[in-house]
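J.: First the structure, then my questions, so here it is.
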Amino acid sequence: MNTGFRLLRALVSLWLIVTLVFVALRATGDPITAIFDPDNFTAEALEAYRRQWGYTGTVFDQYVVYITSLLRGDFGFSSMGNRGAAAVVIERIPATLQLVGCSAFLMMAIGFPVGAYAALHDGGRIDRFVMTFSTVGFAVPNFVMGLAFILLFSVNLRLLPSNGYGTWQHLVMPVLTIGISQSAIFTRFVRSAVLDARNLQCVTSATARGVAPWEVFWRHVVPNAMLPLVTITPLLVGAMVAASAVVESVFGWPGIGRLIVESVAQRDLAVLQMIVMMIAAVMITTNLVVDLAYAQLDPRTSRARAH
Amino acid sequence: MSDATSGTARRRFLPAIPFGVMLAIGWIALCLLTTIFFPILSDLSVSSIDLTARLAPPVGFGGYWSHPLGTDDLGRDVLARLVASTRTSLLIALGAVAISGTLGTLIGLLAAHVGGWVDQVVVAAVDAQVSVPFIIISLTLTAIFGNSLILFVVVLGLFGWERYTRLVRAMTMAARGRGYVLAMSTLGFSWPRIYLRHVLPNIASTLLVTMTISFPEVILLETSLSFLGLGIQPPMTSLGNMLGFGRSYLLTGWWIAAVPGAAIFLCALAVSVIGDWARSVIGRL
């Protein structure tokens, strides 16, 4: 598969998702009567809203309007914010990026050293402890961990604010929550990747040649372990998105995650569909980049295809 | 055959159950037994209100045995609510896993049997499902179709279908090349009969392990959605929405949130310990 084909496939996926969102939203009946109780509004008022939000004409007309306005960058009107959905969504992006970026850093700061150490001392006491910790960490839902942090740091110790955004103190608990809960899974991935890499022939042969252990680790084990880890990046991005939806709600963090929950609760479909498309675009781009990067990082894949 | 010999024979086939797994099985059994027998043994009910004992702490933190795990802001017994919530959460997770297991298996069989473009579509759908976080899909469906119990179970029942589809598809394709399937189809048995009576029993253990691994994830998904107020709605109660309400009382009654939080953690941990163990047993066979 060449780059052009991959790009085309990514675009088709994106178009499919956009269309699916449209079908799902319109298949469920009149979006206007879903938001406004027809008994409490006059027909003219409903008609006015319908025109304002682009819900007029046949379904196909609406689809054409929908696609053309999407291409123009118009994502509809947020009933909750009473302004363009794009503006509502875009102003939430920095907060989420800040949270997800710091959490990803913490996740890797825990996952890489701990996972690698466990794999190098495979079967030992530390390894068993790490695996147990990882199983336990997986079973703690992140909202439970978040509430436990609030109970500890805000209620009992009175060190950190339980809610809000702005200072570094506000960032501590949400980042700890997402970072620790994701590291439970990430550590396992790192451990098994390093274990697999350790069993490669090049490692055995380098050790047999008398190469120093640290050099074997950095020159042979680490590069080989990175390959499987690159392929799970999309999975991690998805997990981060899911985690931020819950954790942002726990800590009142004004990001995309909390906006999803708000838009679902308020049935603000314009905002919701824009977020869904944005997440889909991020996931598709991540997959594309990983696909392309993998071919670059591992020459075997492209050579195998040439046969 | 004497008891002793059958004992050793059994031990040879079933590996010894580790202590941690025993604890996990014990905890799940305790949960199931309590949800069945608690309403018979105790007169505490989910909605009865004891106004003189509002926000009573649990035993050991200054509380009394009349409300072992304390009461909430309305004076409702936390233990009684915990039992009802655990029942709801476990039943919903069980239903959801059963739905997704059946659905995924059927789609996988269909893809393997028909092949061609149907198979291609199924593979593409599986890939698409894997790449989108499921919580986003379930939130979108909730927003579109509104919030009802049936819909909620159906939405959760979509979780993880692609895992079963992938497994069943691959294993059925492999089985179609095996002698026993060839023999049966040559003998003129119908394909549904071959699949249901001969192919599925052969892959059932793998499917069961996949279900055990999905189960804690469904519990976490259900509790997350209910916690956000987008899952189980009052007057019904689930572990997630109990925790969601308890969250407002962290200052005055930490136990209202801590009790269901601990229950979610223990249930999810117990099932995933059992699942990990089952997977390693299957892997050894």
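The values are calculated or read from the model by the stated rules, or taken from the named source; none is laboratory data. Fair warning: this is a prediction, and the values are worked out from it, not measured in the lab. Reconstructed Cβ throughout: ideal geometry from the backbone, glycine too, with neighbour counts over all protein chains shown. Keep in mind that these areas ignore ligands, DNA and RNA; they rest on the heavy atoms of the full protein, side chains included. Shrake-Rupley method; radii C 1.70, N 1.55, O 1.52, S 1.80 Å.
J.: From B:T252, B:T237, grab the single residue that is outside any helix (DSSP H, G or I), more than 8 Å from chain A (Cβ to nearest Cβ), over 25 Å from B:I150 (Cα atoms) and in contact (Cβ under 8 Å) with a residue 24 or more places away in the chain.
T.: One residue alone meets the criteria, B:T252.
J.: Right, something else. Counting only residues that are free of Cβ contacts under 8 Å to residues at least 12 places away in the same chain and either assigned to a helix (DSSP H, G or I) or not small (G, A, S) (or both), how many does segment B:102-128 have?
T.: Result for segment B:102-128: 11.
The rows are residues; the columns are (1) more than 11 Å from chain B (Cβ to nearest Cβ); (2) over 15 Å from the mean Cα position of the chain (by Cα).
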residue	(1), (2)
A:A197	yes, yes
A:V203	yes, yes
A:L227	yes, yes
A:P234	no, no
A:R258	no, no
A:E262	no, yes
A:L272	no, yes
A:A295	yes, yes
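J.: Hey, can you tell me all the residues within segment B:129-173 that are touching a residue at least 12 places away in the same chain (Cβ under 8 Å) and assigned to a loop (DSSP other than H, G, I, E, B)?
T.: Once the filter is applied, which keeps residues that are touching a residue at least 12 places away in the same chain (Cβ under 8 Å) and assigned to a loop (DSSP other than H, G, I, E, B), segment B:129-173 yields B:N147, B:L158, B:F159, B:G160.
J.: Looking only at segment B:259-270, how many residues end up being open to solvent by 10 Å² or more (accessible area, probe 1.4 Å) and either at the interface with chain A (Cβ under 7 Å from one of its Cβ atoms) or more than 11 Å from B:L82 (Cβ to Cβ) (or both)?
T.: Looking only at that region, the number is 3.
J.: Among what's in segment B:99-136 and is under 23 Å from the mean Cα position of the chain (by Cα) and open to solvent by 50 Å² or more (accessible area, probe 1.4 Å), pick the residue that is nearest to A:A245 (Cα to Cα).
T.: Going through the qualifying residues, I end up with B:V130.
J.: Going residue by residue through segment A:102-121, is there one that turns out to be open to solvent by less than 70 Å² (accessible area, probe 1.4 Å) and farther than 23 Å from A:A193 by Cβ?
T.: yes
J.: Additional query: B:I99: touching a helix residue (DSSP H, G or I) at 6+ places or on another chain (Cβ under 7 Å), more than 30 Å from B:T52 (Cα to Cα), within 14 Å of chain A (Cβ to nearest Cβ) and free of Cβ contacts under 8 Å to residues at least 60 places away in the same chain, yes or no?
T.: So B:I99 does not fit the description; no.
J.: Which residues, counting only those in segment B:199-234, are part of a loop (DSSP other than H, G, I, E, B) and under 20 Å from B:I99 (Cα atoms)?
T.: B:G231, B:I232
J.: Right, something else. Scan segment A:108-149 residue by residue and report those that are within 14 Å of another protein chain (Cβ to nearest Cβ) and among the aromatic types (F, W, Y).
T.: A:F129, A:F133, A:F138, A:F143, A:F149
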